[in-house]
Amino acid sequence: MSLFKTSHAFSVILPLYKPSGNWANLFLENIKELNALIPTETTIKYIVVYDGLPSTDITGSFEKISASFSNISFLFYPKNMGKGYALRHGVKIADTPYTLITDFDFPYKKENIVELMNLLIEGNDIVVGKRSKTYFAHLPFKRKIISRLCVRLQKMFLDLPLYDTQSGIKGFNNSGKNIFLQTTINRFLIDTEFILRSSRKNCSIKQIDIELESYVEFSNFGVKVIRTEMNNFLKLLYLNSTLEKSSVL
């Protein structure tokens, strides 16, 4: 794994909603582990976006964290809007040449994050994680079926350069950032919309294999979430036809 040879700046966007357990200490431990892999001349800004109105306990915890770490920002808004909305909210204020998005609990190996950073520095517009067989083995049955179905539908109806679009880790330069801010889906399929829009703009998209951390535990999806995502997929089909027409023109 190559190291960065000059100074660089990254923003890491972390969506958050109703954390449980010893989340604050685990968050700081994850940041410490990642920072240990990054050269000292490279800077990282962490932007945590709470999807809705946080409790006083959560805001209090981040007040303490922000007091000790000037590179950690905490944002929120009045109403729960969905992961996609939270990500756009964070990406919008990112002011570095490179932006990463991942889950708040850092479920992927820190070495994967460093690899992603290196590939952005090398000139790729967008770098996307590809979930391994081990990843899918950890998924609850319902989420496993939904993930496989999502890949199948994309292969059938969307002409994409890659079909595993739903991993929770991605990185992009400012060209990718501009496209990410054009997305409209507020929930999980924002990832697929982003790749769809990016491919139609002929962005360079690199995919890397990713592995889960040993502590990761997945929650399951409810029926309401599944229904919402199916409606969002229909929106993607319409968007795809619109983008194809505009490219012909």
Per-residue ellipticity at 222 nm for the chain, helices alone: DSSP H runs ≥ 4 residues times -39500 (n - 2.57), over residue total, nearest 500 deg cm²/dmol?
-> -15000 deg cm²/dmol
Please arrange T43, T183 by counting, for each residue, the other beta carbons lying within 10 Å of its beta carbon, fewest first.
-> T43, T183
Hey, fewest Cβ within 10 Å first, where do V216, V127 land in order?
-> V216, V127
Taking N as the residue count of segment 9-248, its alpha carbon Rg divided by 2.2 N^0.38 Å gives 0.98
How many percent of DSSP beta bridges within segment 9-248 run antiparallel, rounded to 5?
-> 25 percent
Magnitude of the Cβ-charge dipole (Lys and Arg +1, Asp and Glu -1) of the chain about the Cα centre, nearest 20 debye, reported as 940 debye
Neighbour-limited loop hits for trypsin sites (Lys or Arg not before Pro), segment 1-94 (at most 10 other Cβ within 10 Å; DSSP other than H, G, I, E, B) = K5, K79
Okay, which of segment 33-69 sit inside 11 Å, backbone N to the point 7 Å along the Cα-Cβ direction of S7?
-> 41-43
Please give the FRET efficiency for E33 paired with S66, using the beta carbon to beta carbon distance and R0 = 30 Å, rounded to the nearest 0.05.
-> 0.90
Extension gain N174-K235, at 0.36 nm per residue separation less the Cα-Cα distance, in nm?
-> 19.4 nm
Contact order normalised by residue count of the chain, Cα under 8 Å, 6+ apart, percent = 23 percent
For the residue pair T43 and I145, what label-to-label distance in nm results when each label sits 7 Å from Cα along the Cα-to-beta-carbon direction?
-> 4.9 nm
Figure the gain on full extension for E244 and D103 (residue separation times 0.36 nm, minus the Cα-Cα span) and round it to one decimal in nm.
-> 47.6 nm
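Just so you know, all these numbers are worked out from the coordinates, no wet-lab data involved. Since the model is a prediction, treat every value here as computed from it, not as a measurement. FYI the Cβ positions are ideal-geometry reconstructions off the backbone, even for glycines, and counts take in every protein chain you see.
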